[in-house]
Amino acid sequence: MSSANVGIGQRPSVGRLGRLLARFAFIGAFAILIAIFAFASPNFLTPGNLSNVVEGSVVLLLVALAMTLVVASGGIDLSVAVALDFGAWFSLAAMLNFDAPWPLAILAGLAGGAVVGSLNSFLIVRLGVTPFLATLGTLFIGRSVQQIGTGGGGNVNFRAAPDDFRWFAQGEVFGIPVDVLVGAVVLVIYFIILERSVYGVRIHAMGMQDAAARVAGLRTNRYRVAVYVAAGITAAVGGVLLSAGLRIFTPLAGFAYLLNAIAAVFIGASMHPRQRPNVPGTLVGVLFLGVLANGLDLIGLDFNLKAALQGIVLVIALASAAVVSRLSREA
Amino acid sequence: MTSAATIPDSAPRPWARVRQFLIRRGPLLVFALLLAYLAWQSPVFLGAWNIQASLTQAAPIAICAFGLVAVVMGGGDDVVAGGIDLSVPAGAALATAILSDQLTNAGASFGWAMLLAAGAALTVGVVNAILVTRIGLTSLLATLATLTSVVGITRVLTSNRRINVDDPVVLMVRDGQVLGIPNSVWLMLVAGAAFTFLMHQTAFGMRVQAVGGNREAATTSGIRPRPHIAMTFIIAGAAAAVASLALVARGSGSSPGVEDLLVVDMLLAGFLGAAFSPRNVVTIPGAMLGAIFVALLSNGLILIQVDNSWILGLKGVLILIVVSAAALQSRTR
Amino acid sequence: MPATASQPDPVLQMTGISKSFPGVRALDDASLEVLPGEVHGLVGENGAGKSTIIKVLAGVHVPDAGRVTINGQQLAEPTPHAVHELGVRFIHQELHLVPRFTVAESVFMGNEQTGVLGLRRREMRRRAERFLADQLGAELDPGTLIRDLGPAERKLVQIARALVDEGGRLVVFDEPTAPLAAQEIGRVFAAIQRLREQGVACLYVSHYLAEIAELCDRVTVFRNGRDVGRLDSVDASSHGELIRLMVGRELGQMFPERTARSGGAVAVATKALGDGARFSDLHMEVHEGEILGIAGLPGSGREELVDVLSGRRRARSGTLELGGRAVRLGSPADALAHGLALVPRDRREDGLVLDMTATANTNLSTLDRVSKYGLVLRRRARERATQMTQRLDVRPPEPDRIARLFSGGNQQKLVLARWLAADARVLVFDEPTVGVDVGARAEIYRLMSELADHGTAILVSSNDLEELLGVCDRVVVLLRGTVTAVVEHGACDLAGLVALTTGATTGGDPLAVATGRSVAGTDGDGS
């Protein structure tokens, strides 16, 4: 082992170019994808369609941001799907069953996400269960709670939702859809926290070398709790937007977002000089997946075929991100 | 900080022994209590019909769990990025769909249909093996991704609709009996015996356990981890193939969404099975017993008319109990 | 192995072995010879070349020059496989056992016995049990799980695994007794005696001179990369000779002059401190402005003591006082809140976040001071980092370079920079100069002295006894979990300190020293 040598920095210049190429691999793939779809469908590059892509990506963006935070801290959260569902469900239920005014309903939705996050942090920090098993358990429990609560999995309908609530998904401010605005605000908040604040530095340190972070005096347990609760709340925001747009809560809708969110985070990480999960990269990943879904739609593929293709692309995306990360590191 | 690889001294203090017992056998106790409660509440719970039905239903769960156990053995069940294969039920569902489609729609012979189905399930296993050992994804991510893709592919194949099967071989598995034991139960027993031999009675199996138990130790003994880990995923694929036969028989064909519940049941069965083993590790026979327990539980809850949604919730809580116990175990180790 | 009475052919002969690594000449024309059926000791200080020559024999390192001959067969380049074929077996320091395996399974790991019906479990059980009993004198139930065995028994299983195929002619033991308690050592010794009776040669590498004296027939001493002497008969009276051979070098002007220190307030005090596993009933005091050294071999409890002091491990008994107040430390963050900071022994794993910049690392513990409303003020962070790194002369002065790319000595300085920024009042250095080149070492010692002069209390835990003697005001010696001596600066020479840490007494036995009886040659009190 070359432990004697490491520490004296010498980066070969060829490797540098290779590393740069690897980092921009996904941008390249993205461009190619856009080109293919633009060629395959005349409606693709219209402003109307592109704004559809953006608006349709908001919910995934929120879930992916939550995942970015968790993965940056060195863990993973499979239960964001459930947090999303709880956000949608609690907010609708608050209005439906308790006649709550819409601001309170939104708060109820966020509380739902916080509950999920709290359970996760209890299992992970207090009991020491590894993040994937803990959040897997939460995922299962959350799913069943939803099924129980909706009396066996039926949708929760609320067509007569107050207009103010509907405005969240369908309204506009200065021509920008409100949900996109919400997404943008959360994006900026996450960027500031994860990439520019002291909390972000500490979270990254924890995710990179937990032992060193602890020796440096960082209170890693407290941060872990905060991370998982924040992730739950963020995913719940997505859920609230979803229900505001659809005014229907379909149980178990969240699962579809889970894998896409993970893929977006890893795609984003492969673009970072040190393969760290990062907010701008996640955004690119989300848009990549959004364009993919949109393009497949426009091509008019059968619904099942589309689902299958997306799944396969996901596998390829994850595998590519892993390979790219490895190449970037080794060069 | 002393390295995590050093094995800590043993010699627990008196009350710590009680705690250790609870952590090791706790899940088993909980299950036993639940079953006792069910037996008390429902007069037919311990009746021959229920037992037989439960055993039959346990078959696909058990066989999927065999695949899970193989992967967990090789990946280590108390490791952060540990071994797990969530895609076994999906692979089984895909094989079931192919089997049904071939038998009913393409009019193929059973042998040919089974061959295709098995090939598909094994291919999934190979993909997992490559993703984990060559590309370097963690087992969780890799099998989660293949799970999603395979479900999608299955949907394409079946157009998300049910396929009925009345092929004689399938019917024989579903309805036939030998020596009073239903054929699907025989399938489970034979598969159980085969997997037990492979994972517990061969040098290969022992090496897989070495790799999962202490990777460094295995390497210095001349055992190469990667080929062994890759092989476990392929074995899981084989398990999915065998499970598909049980699934097709149980469901008289292929139904969409069957893998959903199977994932929960398989995880429960596999990890609960660890509580049966003296060493508290996942084992094949343990998984079989676990599957039987899970099936008994499911049936029992239905017998006392518990709502379906609650059943899922209870299973979720049980999974957490089992999983927390495993976590606490590896912590005190 | 047949041998004539007067001139047996050696089972191992290594002559003229040289091996260099970048910047360091690990072996310099070294030779080693082991006769059949003997127990041959190999001693030397850290860095003397003991482990390197063992690794050359194991085929891990390729020698730059020299010859290796095993049982008369000369090997151009030893490989693990070839060496194994010729009958050499290695008992590493790391056990490499699987906790959930049984004794029988562990003994045959990698060497599983199979038949038509698969594993021959009964045969493996039988053979394992027999081998352990007959060849090693150990009565062990082959069905016991490794995790239920004590350290000595695990060691015996490890030995059994290496030898069960009965092809072993030379067994190399690398620090076999380091993790063992005094009472357990006897079992390993008995096993080695048994091996010798069967004509198997043993090469016994150890720091514990008392054990070497008791067990070995001949001893080779290494220093500065070569064999500097060989004793053809060893007994308890040989310690002096061994130490003289191990140590004989000049202490350069590495260490700053220390003016006599006294009367500072007590910064750290331990009363009957124990961790429940490795050390117990420890009494110790460190004053402000003092540099206190902690000496002790691996397994003496020194590492665990550092872990407890720094908050990485909880104390199980006794009290720890910082600044006069009893504290309960649950984490390093708690320790830091009381002004105690750790410079860890593994600076790459635990000291720095390697992929973060020098600036980020320096500010990591004091981010609040370079931020406003939670946002990092980049310029201020840069300034602060530059201030600290300039003070410590970190090279190259590139604040945006990631920590991974600095040399060992400068990485150490980065860790120090972080603690300077955090105004630490007590600094615990754990193996401070491992992997640090000579120039940086002198600087680090100078820094320690300066910090102490400014009132910081400093603890230095180290394997390098020369270092402790040179830079510390006092040195506490730990042996098998208890303090056996406290040495004032200048009251003891290197040979004396070596004797104290290895439990070598003038005619005593290791067991007596382990129980804390006073040891000849100390001046300080044993508090």
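Where a number appears in this text, it was derived from the coordinates with a stated rule and is not lab data. Everything quoted here is computed from the prediction, not taken from an experiment. Heads up, the Cβs are rebuilt from the backbone with ideal geometry, glycines too, and the neighbour counts pull from every protein chain shown.
Cα convex hull, segment B:42-102: 129 Å³ per residue, rounded to a whole number. Only Cα pairs under 8 Å and 6+ residues apart enter the sum, and on that basis the relative contact order of chain A stands at 33 percent. On the basis of the beta-carbon distance and an R0 of 56 Å, C:Arg378 and C:Ala133 show a calculated FRET efficiency of 0.20. Placing +1 on the Cβ of every Lys and Arg and -1 on the Cβ of every Asp and Glu, with no other charges, gives chain C a dipole of roughly 1740 debye about its Cα centre. Label positions at C:Gln193 and C:Ala178, each projected 7 Å from the Cα along the C-beta direction, are separated by 2.6 nm. Each 10 Å bin from zero holds the following percent of Cα-Cα pairs in segment C:357-422: 25, 57, 16, 1. Springs join every pair of Cα atoms under 10 Å in this Gaussian network model of chain B, and among B:Val258, B:Val178, B:Val165 the largest mean-square fluctuation is at B:Val178. In loop segments of segment B:248-333 as defined by DSSP, there are no chymotrypsin sites (Phe, Trp or Tyr not before Pro) with at most 10 further C-beta atoms inside 10 Å of their C-beta.
Counting neighbouring beta carbons within 10 Å and listing from fewest to most, the residues C:Cys472, B:Cys64 come out as C:Cys472, B:Cys64. The value given for segment C:1-155 is a Kirkwood hydrodynamic radius of 18.2 Å, derived from the mean inverse Cα-Cα separation.
By other beta-carbon atoms within 10 Å, ranking B:Ile51, B:Ile63 with the fewest at the front produces B:Ile51, B:Ile63. Taking chain A as a Gaussian network of alpha-carbon nodes connected by springs under 10 Å, the highest mean-square fluctuation of the residues A:Arg202, A:Arg222, A:Arg276 belongs to A:Arg222. Summarised as an ellipsoid, segment A:264-303 has semi-axes of 27, 7, 6 Å, derived from the eigenvalues of the Cα gyration tensor scaled by 5 and square-rooted, with the largest first. Straight-line cross-link partners of C:Lys50 among the lysines, defined as a Cα under 19 Å from its Cα and at least 8 positions apart when in the same chain: C:Lys19. Rounded to the nearest 20 debye, the dipole magnitude of segment B:46-257 is 280 debye, with +1 charges on Lys and Arg beta carbons, -1 on Asp and Glu beta carbons, and the Cα centre as origin. Averaged over the residues of peptide C:115-126, the number of Cβ atoms from other protein chains lying within 10 Å of each residue's Cβ is 2. Between the amide H of C:Val171 and those of C:Arg89, C:Ala201, C:Cys202, C:Leu203, distances stay under 5 Å, these residues lying 5 or more places away or on another chain, with hydrogens modeled in the peptide plane.
Cα-based radius of gyration for segment A:91-148, normalised by 2.2 N^0.38 Å, reads 1.34.
Protection proxy ranking for A:228-235, C:366-373, A:72-79, using the average of other Cβ atoms within 10 Å per residue and placing the highest first: A:228-235, A:72-79, C:366-373.
Of the residues C:Leu392, C:Thr362, C:Gln412, the one whose Cα sits farthest toward the positive end of the charge dipole of segment C:357-422, with +1 on the Cβ of Lys and Arg and -1 on the Cβ of Asp and Glu, is C:Thr362. In segment C:97-166, the C-alpha radius of gyration followed by the widest Cα-Cα span (Dmax) gives 11.1, 36 angstrom.
Based only on the alpha carbon positions, what is the Kirkwood hydrodynamic radius of segment C:199-317, in angstrom? Taking every pair of different Cα atoms in segment C:199-317, averaging 1/r and inverting gives 18.1 Å. One equal scatterer on each Cα of segment A:42-119, no solvent, Debye formula: the resulting log10 I(q)/I(0) at q = 0.26 Å⁻¹ is -1.10.
With only the Cα atoms considered, chain B has a convex hull volume of 146 Å³ per residue.
Taken about its Cα centre, the protein assembly as shown carries a charge dipole of roughly 1760 debye when the Cβ of each Lys and Arg holds +1 and the Cβ of each Asp and Glu holds -1. Here's the picture: charge each Lys and Arg Cβ at +1 and each Asp and Glu Cβ at -1 in segment C:97-166, and of C:Ala133, C:Gly118, C:Ile159 the one pushed furthest to the positive end of that dipole is C:Gly118. Taken over segment B:245-333, the percentage of Cα pairs per 10 Å bin, counting from 0 up to the bin with the maximum distance, is 16, 42, 32, 9, 1.
With distances taken between every two different alpha-carbon atoms, chain C has a Kirkwood hydrodynamic radius of 25.1 Å.
A dipole drawn for the protein assembly as shown from +1 and -1 charges on Cβ atoms has a positive end, and of C:Val477, B:Ala90, A:Met208 the residue lying farthest that way is B:Ala90. Debye calculation, C-alpha points only, no solvent: report log10 I(q)/I(0) for chain A at q = 0.15 Å⁻¹, in the same order as the q values. Log-scaled intensity ratios, in q order: -1.30.
The length gained by stretching the chain between C:Gln113 and C:Asp346 to full extension, at 0.36 nm per residue less their Cα-Cα distance, is 79.8 nm. Per-residue mean of foreign Cβ neighbours for C:88-100 is 5 (Cβ atoms of other chains, 10 Å radius). Take every pair of alpha-carbon atoms less than 8 Å apart whose residues are at least six positions apart; their mean separation over the length of chain C yields a relative contact order of 14 percent. Take every Cα pair under 8 Å in segment C:97-166 that's 6+ residues apart, average their separations, divide by the length, and report that relative contact order as a whole percent. Once normalised by length, the contact order is 44 percent.
Exposure proxy shown here: for B:Ser87, A:Ser325, the number of other Cβ atoms within 10 Å sets the order, fewest to most, as A:Ser325, B:Ser87. Computed over the alpha carbons of the protein assembly as shown, Rg followed by Dmax gives 33.0, 106 Å. Across the cross-link table entries C:Lys372/C:Lys413; B:Lys315/C:Lys155; C:Lys55/C:Lys271, which are compared at the Cα atoms, the separations over 32 Å belong to B:Lys315/C:Lys155; C:Lys55/C:Lys271. Per residue of peptide C:102-114, the mean number of Cβ atoms on other chains within 10 Å of the residue Cβ is 4.
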